[in-house]
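**Student:** Could you have a look at this structure, given as structure tokens, before my questions?
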Amino acid sequence: MAEPVRVGVLISGRGSNLLALAEHRRRDPERPYAIVLAASNVPEARGLVLAKRLAVPSWTQSHKGLERAEFDRLLEAALVERRVELVALAGYMRLLSREFVERWRGRILNIHPSLLPLHKGLDTHRRALLAGDLEAGCSVHLVTPELDDGPVIAQARVRIHARDTPQSLEERVLAEEHKLYPLVLAAYAEALRAGAVDAAPLPGPALP
Ligand code: GAR
């Protein structure tokens, strides 16, 4: 069996998608990915506590007071040190610099709680309700420098009910996220390992 693809998960908060990705892999060690790092721009993120419980190594650095490109260089150094091959954004609430995204082209996935291209950005469930949408859902997509943009790989849908609130909708969509993301990450990791996706060569360690 080929070595599992080494995944770094980027989080800013709760970490429930990190947990879903890790649990999926724990239940089936034949999965083609292994989570080797949880990285966060928010040192107090609850997801980091989860990472510790899951015995996933973590890295954190507040982005406050740092230029975006400077922060991303520190982040990249942490990813390179753990020999990360694929980056999974899971509630990472920060735009990545164009340089970072280009250097990791084809190696960054994101999950977003809407049926993209609808409702990019924040507050997606409230906006779906206000728009009178009949369906909501989540999308896993490849990351490009623009916010919540980039080719969609897969989506999961839920029906919107007349009595839904942003909270009730979030709960149903989040349950779908937890099912969808591990499946897509596994399929993408397999394709990456097989050389079947267009991805940039792995960034090496920073030169002194
Ligand atoms: C998830 O719903 C994820 O889709 C969303 O943040 C939440 C994080 O929850 N991401 C975005 O909105 C990115 N644009 P989690 O920390 O429990 O995984």
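**Student:** Among the residues of segment 119-141, which ones are of a type in the set (A, V, I, L, M, F, W, C), out of contact with any helix residue (DSSP H, G or I) (no Cβ under 8 Å at 6 or more places or on another chain) and within 14 Å of the ligand (Cβ to nearest atom)? Please lay out each step first, then the result.
**Tutor:** Just the residues of segment 119-141 that are of a type in the set (A, V, I, L, M, F, W, C), to begin with: 122, 128-131, 134, 136, 138, 140.
From what's left, out of contact with any helix residue (DSSP H, G or I) (no Cβ under 8 Å at 6 or more places or on another chain): 122, 130-131, 134.
LEU122 - this is the single residue of segment 119-141 that is of a type in the set (A, V, I, L, M, F, W, C), out of contact with any helix residue (DSSP H, G or I) (no Cβ under 8 Å at 6 or more places or on another chain) and within 14 Å of the ligand (Cβ to nearest atom).
**Student:** Considering only segment 154-197, state which residues are of a type in the set (Val, Ile, Thr) and within 14 Å of the ligand (Cβ to nearest atom).
**Tutor:** Kept after step one, since they are of a type in the set (Val, Ile, Thr), are these residues of segment 154-197: 158, 160, 165, 173, 184, 197.
Across segment 154-197, the qualifying residues are VAL158, VAL173, VAL184.
**Student:** Taking only pairs six or more apart or across chains, which ones have beta-carbon atoms under 7 Å, a first residue in segment 11-29 that is over 20 Å from HIS112 (Cβ atoms), and a second residue that is more than 16 Å from the ligand (Cβ to nearest atom) and part of a loop (DSSP other than H, G, I, E, B)?
**Tutor:** Qualifying pairs under 7 Å: ARG25/ARG31.
**Student:** Quick one: count up the residues across segment 25-37 that are surrounded by 15 or more Cβ atoms within 10 Å (Cβ to Cβ) and part of a helix (DSSP H, G or I). Reasoning before the result, please.
**Tutor:** The first filter runs over segment 25-37 and keeps only residues surrounded by 15 or more Cβ atoms within 10 Å (Cβ to Cβ), leaving 25, 31-37.
From the residues that got through so far, the ones that are part of a helix (DSSP H, G or I) too are 25.
Result for segment 25-37: 1.
**Student:** Another one. Counting only residues that are within 16 Å of the ligand (Cβ to nearest atom), over 18 Å from ALA186 (Cβ atoms) and in a loop (DSSP other than H, G, I, E, B), how many does segment 38-56 have?
**Tutor:** Selection size over segment 38-56: 5.
**Student:** So, in segment 14-37, how many residues would count as being out of contact with any Phe, Trp or Tyr (no Cβ under 9 Å at 6 or more places or on another chain) and within 16 Å of the ligand (Cβ to nearest atom)?
**Tutor:** Counting residues in segment 14-37 that are out of contact with any Phe, Trp or Tyr (no Cβ under 9 Å at 6 or more places or on another chain) and within 16 Å of the ligand (Cβ to nearest atom) gives 8.
**Student:** Further question: Return the residue satisfying two criteria in turn: it lies in segment 148-176 and is in a loop (DSSP other than H, G, I, E, B), surrounded by 13 or more Cβ atoms within 10 Å (Cβ to Cβ) and not acidic (Asp, Glu), and of such residues it is modelled with the lowest pLDDT.
**Tutor:** Step one: list which residues in segment 148-176 are in a loop (DSSP other than H, G, I, E, B), which gives 148-151, 160-165.
Then keep just the ones that are surrounded by 13 or more Cβ atoms within 10 Å (Cβ to Cβ); that gives 148-150, 160, 164.
Pick out the ones that are also not acidic (Asp, Glu) and you get 150, 160.
Details: GLY150: 94, ILE160: 98.
Among them, the one singled out is GLY150.
**Student:** Would you tally the residues in segment 77-118 being within 16 Å of the ligand (Cβ to nearest atom), closer than 16 Å to ASP149 by Cβ, open to solvent by less than 30 Å² (accessible area, probe 1.4 Å) and part of a loop (DSSP other than H, G, I, E, B)?
**Tutor:** Within segment 77-118, residues that are within 16 Å of the ligand (Cβ to nearest atom), closer than 16 Å to ASP149 by Cβ, open to solvent by less than 30 Å² (accessible area, probe 1.4 Å) and part of a loop (DSSP other than H, G, I, E, B) number 5.
**Student:** Could you list all residues from segment 177-206 that are open to solvent by 40 Å² or more (accessible area, probe 1.4 Å) and closer than 17 Å to ARG25 by Cα?
**Tutor:** HIS178, LYS179, LEU183, ALA187, GLU190, ARG193
The values are calculated or read from the model by the stated rules, or taken from the named source; none is laboratory data. No experiment lies behind these values; they were computed from the predicted model shown. Glycine also receives a Cβ, built like all others from the backbone with ideal geometry; neighbour counts cover every protein chain displayed. Each accessible area value is taken on the protein alone, full model and side chains, heavy atoms only, with ligands, DNA and RNA left out. Shrake-Rupley method; radii C 1.70, N 1.55, O 1.52, S 1.80 Å.
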